[in-house]
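S.K.: So that we are looking at the same thing, I have put the structure below in structure tokens.
The values are calculated or read from the model by the stated rules, or taken from the named source; none is laboratory data. These numbers come from a predicted model, not from an experiment. Here the Cβ positions follow ideal geometry from the backbone for every residue, glycine too, while neighbour counts run over all protein chains shown. Keep in mind that these areas ignore ligands, DNA and RNA; they rest on the heavy atoms of the full protein, side chains included. Shrake-Rupley method; radii C 1.70, N 1.55, O 1.52, S 1.80 Å.
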Amino acid sequence: MANLGFVGLGVMGSRMAKRLLDAGHSVTGYNRTRSKAQWLLDAGMKWADSPRAVAEATEITFSMIANTQALEAVTGGADGILAGLSAGKIYVDMSTVSPAAVRDLAIQVEAKGAQMLDSPVSGSVTTLEEGKLSFMVGGKRDTFEKVLPILQAIGPKATYVGANGLAVSMKVATNLSLAVQMLAFSEGVLLAEKSGIARETAVEVLLNSVMASPMVKYRGPFVLKMPDEAWFDVNMMQKDLLLALEMGLQLDVPLPTTAIANQMLTAARGMGLADKDFAIIFEVLARMAGVK
């Protein structure tokens, strides 16, 4: 059993830490708001007063952070993760952030004698709780091999994709499709509904058709009833789409459907829906179509 650290105990990070605890690992955690981590402390997690303290106390430190700016905040400075790293330690960031920022951070980690992996995840709260989460991992292969058994305590599938930054690039390439699929699904539901088909019937048919990807199957029902707590809110999804559009510009890859989905998320924010799951894109399109 390993001595692990976890920084960033939000919706996904907290549940990952819990799976590591359940697997028998020792976990030391830090979150900006301690009260949100109390249920993990009750389950046996140790507390550290800073990201630096987490890295100092553990062999492998994981982080799950909202965006590039937040990652820089928890890794830099006197109380950051970098300050707590030393020779032989491993740092694994699971956030979806700028690939360039990950590459720069990996260089700083290596300067401390440690190793870094970027290991974003594919899946949702549901897939995580079911133990079906998958990882894409960038960094040195031998470091990946060391961490693999621990990742598999969270989810069964981890794919090595290459050097630092490439896993995050793969995650951005994956996530752009989530919003695009949700928009296409919403278009189909609304077209059927305005034709005279009950919304519930349209959803049932589409979810049992060839277009029903795993994402559509677990998020499609949200057009009937949104979850009380957003699995992945509008701002988080738009952050990923903006990363994709930035990469597309740099790499000369046109991303027309991504650009349209991004505009729909901007409309959602304009309607005051930023805190809703990004499936709220259906509500945006419904209002445009004159449907309640």
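S.K.: Looking at the range 101-108, is at least one residue touching a strand residue (DSSP E or B) at 6+ places or on another chain (Cβ under 7 Å) and crowded, with 24+ Cβ neighbours inside 10 Å?
M.R.: The initial filter retains those residues of the range 101-108 that are touching a strand residue (DSSP E or B) at 6+ places or on another chain (Cβ under 7 Å), namely 102, 105-106.
Checking the rest, the ones that are also crowded, with 24+ Cβ neighbours inside 10 Å come to 102, 105.
Yes: one or more hits.
S.K.: Residues being β-branched (Val, Ile, Thr), open to solvent by 20 Å² or more (accessible area, probe 1.4 Å) and touching a strand residue (DSSP E or B) at 6+ places or on another chain (Cβ under 7 Å): count how many of those fall in the range 167-199. Quick ask: steps written out before the conclusion?
M.R.: Here is the first cut: in the range 167-199, the ones β-branched (Val, Ile, Thr) are 168, 172, 174, 180, 189, 197.
So of that shortlist, the ones also open to solvent by 20 Å² or more (accessible area, probe 1.4 Å) come out as 174, 180, 197.
Narrowing further to those that are touching a strand residue (DSSP E or B) at 6+ places or on another chain (Cβ under 7 Å): 174.
Matching residues across the range 167-199 total 1.
S.K.: Hey, any hits in the range 219-229 for a residue that's touching a strand residue (DSSP E or B) at 6+ places or on another chain (Cβ under 9 Å), among the hydrophobic types (A, V, I, L, M, F, W, C), more than 30 Å from GLY165 (Cα to Cα) and surrounded by 14 or more Cβ atoms within 10 Å (Cβ to Cβ)? Lay out the reasoning, then the answer.
M.R.: Going residue by residue through the range 219-229, those that are touching a strand residue (DSSP E or B) at 6+ places or on another chain (Cβ under 9 Å) are 219, 222, 226-227, 229.
Then drop every residue that is not among the hydrophobic types (A, V, I, L, M, F, W, C), which leaves 222, 226.
Those still in the list that are more than 30 Å from GLY165 (Cα to Cα) too: 222, 226.
From what is left, the residues that are surrounded by 14 or more Cβ atoms within 10 Å (Cβ to Cβ) are 222, 226.
Checked against the condition, which is being touching a strand residue (DSSP E or B) at 6+ places or on another chain (Cβ under 9 Å), among the hydrophobic types (A, V, I, L, M, F, W, C), more than 30 Å from GLY165 (Cα to Cα) and surrounded by 14 or more Cβ atoms within 10 Å (Cβ to Cβ), the range 219-229 yields at least one hit.
S.K.: I need a count of the residues in the range 144-173 that are among the polar types (S, T, N, Q) and either in a loop (DSSP other than H, G, I, E, B) or closer than 17 Å to LEU265 by Cβ (or both). Spell out how you get there, then give the answer.
M.R.: Restricting attention to the range 144-173, the residues satisfying the condition of being among the polar types (S, T, N, Q) are 152, 159, 164, 169.
Remaining after also requiring either in a loop (DSSP other than H, G, I, E, B) or closer than 17 Å to LEU265 by Cβ (or both): 164.
Total meeting the criteria: 1.
S.K.: Does ILE60 satisfy the criteria of being modelled with pLDDT under 95 and either within 17 Å of ALA158 (Cβ to Cβ) or not aromatic (Phe, Trp, Tyr) (or both)? Talk me through it step by step, then tell me what you get.
M.R.: On the way: modelled with pLDDT under 95: no; either within 17 Å of ALA158 (Cβ to Cβ) or not aromatic (Phe, Trp, Tyr) (or both): yes.
When the stated conditions are applied, ILE60 does not pass them.
S.K.: To continue, here is another question. So is GLY76 open to solvent by less than 10 Å² (accessible area, probe 1.4 Å), out of contact with any His (no Cβ under 7 Å at 6 or more places or on another chain) and not basic (Lys, Arg) or not? If you could, list the steps in order and put the result at the bottom.
M.R.: Values: open to solvent by less than 10 Å² (accessible area, probe 1.4 Å): no; out of contact with any His (no Cβ under 7 Å at 6 or more places or on another chain): yes; not basic (Lys, Arg): yes.
Considered against the rule, which asks whether it is open to solvent by less than 10 Å² (accessible area, probe 1.4 Å), out of contact with any His (no Cβ under 7 Å at 6 or more places or on another chain) and not basic (Lys, Arg), GLY76 comes out as no.
S.K.: Also, I was wondering about something else. So which of GLY139, GLY162 ends up being closer than 12 Å to VAL92 by Cα, touching a residue at least 12 places away in the same chain (Cβ under 8 Å) and open to solvent by less than 20 Å² (accessible area, probe 1.4 Å)?
M.R.: Values: GLY162 fails: closer than 12 Å to VAL92 by Cα.
None of the others qualify; the one that does is GLY139.
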